[in-house]
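What follows is a short report on a single structure.
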Amino acid sequence: MSLLEIENLSVAYGDLFAVREVSFALDEGAVFVLLGANGAGKTSILRSISGLVPARGGRILAAGRDLRGLAPNQVARAGISHVPEGRQIFPNLSVAENLTVSFLKERTKETMAAALAAVYELFPRLAERRRQAGGTLSGGEQQMLAIGRALMNFPKLLMLDEPSLGLSPVLADLVFERLATIRSLGTTILLVEQNATCLELATGGIILANGRVVLAGTRDRLQDSEFVRRAYLGV
Amino acid sequence: MDAPATERGASDPAAERSPRRDRERRAFIYGFVAIAVVAALPTLPFVNDYLLAVVVRALIFIALGQAWNVVAGIGGLLSLGHGAFLGLGCYATGILFNDYGLPPWLGVWVGALLSLAVALVMGTMTLRMRGVFFALATIAVSLALDQLARHYVDLTGGDNGLALKFLGDSLWFMQSRTPTPFVYAGLVFVIAYYWITRWVLGSRLGLQMRAVRDDEVAAAAAGVGVFRTKLLGLLLSAVMTSVAGTLYMQSYQAIDPETAFGLSQAIQLQLPALIGGLGTAWGPIVGGAVMIFLSEATNWGSTKLGVAGIDILVYGLLLLAVVMYAPKGIMGLFAARARGGR
């Protein structure tokens, strides 16, 4: 059974369909990439998985359980963490509070300290700034905070919406490097990107245009495809 | 005390703890001195009943401001109709006492339950929506209660309002000829509400409320039950307001629809937290004291000058000044100075 299976998912805002009958499946340990231009429907797919927008049609199965109709906090409790687009951290909460607010497991001093320590080990920068207000962090640090917040529950699946957006190439590389570490620690990753360089990290993915799947396959297949070469790599 | 959110910690972990603890200790000392001064006031020879009545008024508005601060300051939900809960507390206590002889010790809980029910209905209907719907609904509920209070004359006294039957000094019926007992009652309220605010700020609920205030979508993505969090904050605040309403009723002995549900009352409930500092435990206390002091001074001034309504003008100017120069209130100014001094 796949960790996450999307069957004929459609998402619409009023009469406007953002996603039309998209299907894909993630196995445990995968880094699955949803690649596409602006408005291709990538963000809508993530938002419907995490319950922020309702699915108009299709099914969203996590380990066989249909997630449709669950509230976002219930999806998070089911082990699926979402790092929303645009580094949505809490600017007036301290770094430590930003992290602990999302901690949902059995809440004792010890379990929370362990989760915090794990995140701080991955992002030492956050430990240094743990008392600082989230809004005072730099762009890269805020992205790390958003990822760290999503990791506090040791999710089975981590979904990230354009984590490299607005970051310098060096910082973007650092973020992808950390994602590789997170994956090696056993978390499956669903990554939304406009930037095809993230394929380096991927095991597979799909390419979306106007809400439909135009290409699906393993990393090599995507990288070698004429479509990606022309549209994303410029070669 | 500033909210932890506004604090920028020093980089050295050893050095960053001590200023915080120093501030805590200083706040504790200030608080203790303030309590001692207020508690000693009725025993001083030069303090007359007028001055004590002003102190009672300040304490009541501080308590009401503390209650509003929970939902609006910590939770970021702009309630423009908290007068509804104040009025329910007043009317419930007053009607049950006048018509059924029920002491306010029991009436207070009936009022609190009514407020809880109204807040539950109002919150369930509006808190799932984002934006201004909640704020508009709070006004609508106030207006509706205002109309009900004017309509059911037999029960509420209609436009003329409701006056408590006076039985003389009685602890059981919370009545007194002098304001002195209400100074102590008000003090108990303010201290209790301060600790409730501190408890909320330090609790998981408070953290979730502040997260929702910052960003609803991110809070939902972080696993916070946004609707549930907002509703709990509203329910707590409504009950606190209603219970303080009973104190209001006992100390003023009368209530009318305009005083309970009118817009100017709703605004007065917000001023302590707005002036003192939204979302902080000390804000409504400092803000409420400043507000009542100014109000009395301008009242006195307008009587001397023979011009009515100066107090409203001063409120307006004060609010403008706060919004423009100290958006985080008086406590925000203190926090900024504490940071600059380090």
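When residues in the range B:224-242 are screened for being surrounded by 24 or more Cβ atoms within 10 Å (Cβ to Cβ) and either touching a strand residue (DSSP E or B) at 6+ places or on another chain (Cβ under 8 Å) or more than 8 Å from chain A (Cβ to nearest Cβ) (or both), 9 of them pass. Filtered by the rule that a residue be surrounded by fewer than 18 Cβ atoms within 10 Å (Cβ to Cβ) and assigned to a loop (DSSP other than H, G, I, E, B), the range A:105-129 gives A:105, A:106, A:107, A:108.
Being surrounded by 19 or more Cβ atoms within 10 Å (Cβ to Cβ), within 14 Å of another protein chain (Cβ to nearest Cβ) and part of a helix (DSSP H, G or I) is not true of residue B:260. Hey, does the range B:224-246 have a residue that's outside any helix (DSSP H, G or I) and more than 12 Å from the chain's Cα centre (by Cα)? Taking every residue of the range B:224-246 in turn, at least one turns out to be outside any helix (DSSP H, G or I) and more than 12 Å from the chain's Cα centre (by Cα). Listed by first and then second residue, the pairs linking a residue in the range B:263-292 that is at positive phi to a residue that is crowded, with 24+ Cβ neighbours inside 10 Å and in a loop (DSSP other than H, G, I, E, B), with Cβ atoms under 6 Å apart and 6 or more places separating them unless they lie on different chains, are B:279/B:3.
Residues in the range A:130-141 that are assigned to a helix (DSSP H, G or I) and within 11 Å of another protein chain (Cβ to nearest Cβ) were compared, and the one that is farthest from residue A:93 (Cα to Cα) is A:136.
Residues that are over 16 Å from residue B:225 (Cα atoms) and facing another protein chain (nearest Cβ under 8 Å) within the range A:80-106 comprise A:83, A:84, A:88, A:89, A:91, A:92, A:93, A:94, A:97, listed in sequence order.
Right, residue B:47: among the β-branched types (Val, Ile, Thr) and in a helix (DSSP H, G or I) or not? Considered against the rule, which asks whether it is among the β-branched types (Val, Ile, Thr) and in a helix (DSSP H, G or I), residue B:47 comes out as no.
Considering only the range B:300-324, state which residues are among the small types (Gly, Ala, Ser), on the phi < 0 side of the Ramachandran plot and not in a helix (DSSP H, G or I). Hit for the range B:300-324 is B:308, nothing else.
A single member of A:68, A:59 is basic (Lys, Arg), surrounded by fewer than 24 Cβ atoms within 10 Å (Cβ to Cβ) and modelled with pLDDT of 90 or more, and it is A:59.
Yes/no per residue for (1) assigned to a loop (DSSP other than H, G, I, E, B); (2) free of Cβ contacts under 8 Å to residues at least 40 places away in the same chain:
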residue	(1), (2)
A:33	no, no
A:38	yes, no
A:47	no, yes
A:52	yes, yes
A:59	no, no
A:70	yes, yes
A:74	no, yes
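Is there a residue being in contact with a Pro (Cβ under 9 Å, 6 or more places away or on another chain), free of Cβ contacts under 8 Å to residues at least 40 places away in the same chain and not basic (Lys, Arg) anywhere in the range B:225-236? Yes - at least one qualifying residue is present in the range B:225-236.
Here the range A:10-28 is the region considered, the condition is being under 11 Å from residue A:59 (Cα atoms) and surrounded by fewer than 17 Cβ atoms within 10 Å (Cβ to Cβ), and the residue that is nearest to the chain's Cα centre (by Cα) is A:23.
Within the range A:110-124, is there a residue that is at the interface with another protein chain (Cβ under 8 Å from one of its Cβ atoms) and more than 21 Å from residue A:213 (Cα to Cα)?
At the first step, the residues of the range A:110-124 found to be at the interface with another protein chain (Cβ under 8 Å from one of its Cβ atoms) are none.
So far as the range A:110-124 goes, no, none of its residues is at the interface with another protein chain (Cβ under 8 Å from one of its Cβ atoms) and more than 21 Å from residue A:213 (Cα to Cα).
The values are calculated or read from the model by the stated rules, or taken from the named source; none is laboratory data. Everything numeric here is computed off the predicted structure, so don't read it as measured data. Methodologically, a virtual Cβ is constructed for each residue, glycine included, from the backbone with ideal geometry; neighbour enumeration extends over all protein chains shown.
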